[in-house]
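Comments concern the structure below.
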Amino acid sequence: MQPLMQNAPANQSYNHGGHELFDVSEVLSGTIHVLDQYLIFRQYVRDSELISILSRQYQHILNAYNAMVETFSTGRAPNRPYIPYQAQPQQIVYGLEPTQPKRPSTSIQDINDQSISGYMLGLIKSAGSLLTMSAMEVTNPSMRRLMAQMVPCYIEMAYEIFLYQNKRRDYQVPQLSQPDMAQSLTSFQATNNVSSPVNPSFQ
């Protein structure tokens, strides 16, 4: 009688599920698109701080891409350790100030640093969301852990772009009134209930 499940192939590079192959391929293709877009953006950026952010993030995403390609093809953790990305903390400005209404650009001359930082934020958010969803479908432990390590880095990169925009008042953060905030902040309570939710009759 044949076993229902065959053993995994001896070659570790084939230690991937079918669904995983599609998801990781999509993540890698999406990462290439982010890198290509960053190259395009670079020619339009004027602000030195945004150039620094773009260059730093590009290099990190490129390193992450290479690590994913290596792990995807070998089924093992990359030879070089994946170094996390961390944004530098800054003071957030809260509140709204009057600004010019936003509208679509009508010519390439309308593209400015505010536009580019917005495009960057949208790309990083989308790529981070795809990475998060795809990592949950990965069966290879090395690939899964590598992708899981990258998720906080995309969060940090998005936060770094937000901090840049917030400092320039391009990304404003409204707040609720203090009474409303106080009501929300005190609307949950921790619990010390440690009893098992399992019905004892089923044990």
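Quick check on this structure: which one of Q86, Q100 is more than 23 Å from L146 (Cα to Cα) and either out of contact with any Pro (no Cβ under 8 Å at 6 or more places or on another chain) or modelled with pLDDT under 95 (or both)?
Q100
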ask   = From the set of residues in region 103-143 that are open to solvent by 60 Å² or more (accessible area, probe 1.4 Å) and of a type in the set (D, E, K, R), which is modelled with the highest pLDDT?
value = K125
ask   = Does R169 satisfy being on the phi > 0 side of the Ramachandran plot, in contact (Cβ under 8 Å) with a residue 12 or more places away in the chain, out of contact with any helix residue (DSSP H, G or I) (no Cβ under 6 Å at 6 or more places or on another chain) and open to solvent by 40 Å² or more (accessible area, probe 1.4 Å)?
value = yes
ask   = Residue check, V194 against (1) over 25 Å from the mean Cα position of the chain (by Cα); (2) closer than 21 Å to I53 by Cβ; (3) not aromatic (F, W, Y), all met but one. Which one?
value = (2)
request  = Looking only at region 65-80, count how many residues are in a loop (DSSP other than H, G, I, E, B) and crowded, with 17+ Cβ neighbours inside 10 Å.
outcome  = 2
query = Would a scan of region 144-153 turn up a residue that is closer than 16 Å to I53 by Cβ, buried (at least 16 other Cβ atoms within 10 Å of the Cβ), within 12 Å of the chain's Cα centre (by Cα) and not hydroxyl-bearing (S, T, Y)?
reply = yes
note = Filtering region 41-53 down to residues that are closer than 13 Å to S115 by Cα and either in contact with a Phe, Trp or Tyr (Cβ under 9 Å, 6 or more places away or on another chain) or open to solvent by less than 80 Å² (accessible area, probe 1.4 Å) (or both) yields F41, R42, Y44, V45, D47, L50
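The values are calculated or read from the model by the stated rules, or taken from the named source; none is laboratory data. Since we're looking at a predicted model, the values are computed, not measured. As a convention, Cβ positions derive from the backbone with ideal geometry for all residues, glycine included, and neighbour counts pool all protein chains shown. Ligands, DNA and RNA are excluded from the accessible area calculation, which covers all protein heavy atoms including side chains. Shrake-Rupley method; radii C 1.70, N 1.55, O 1.52, S 1.80 Å.
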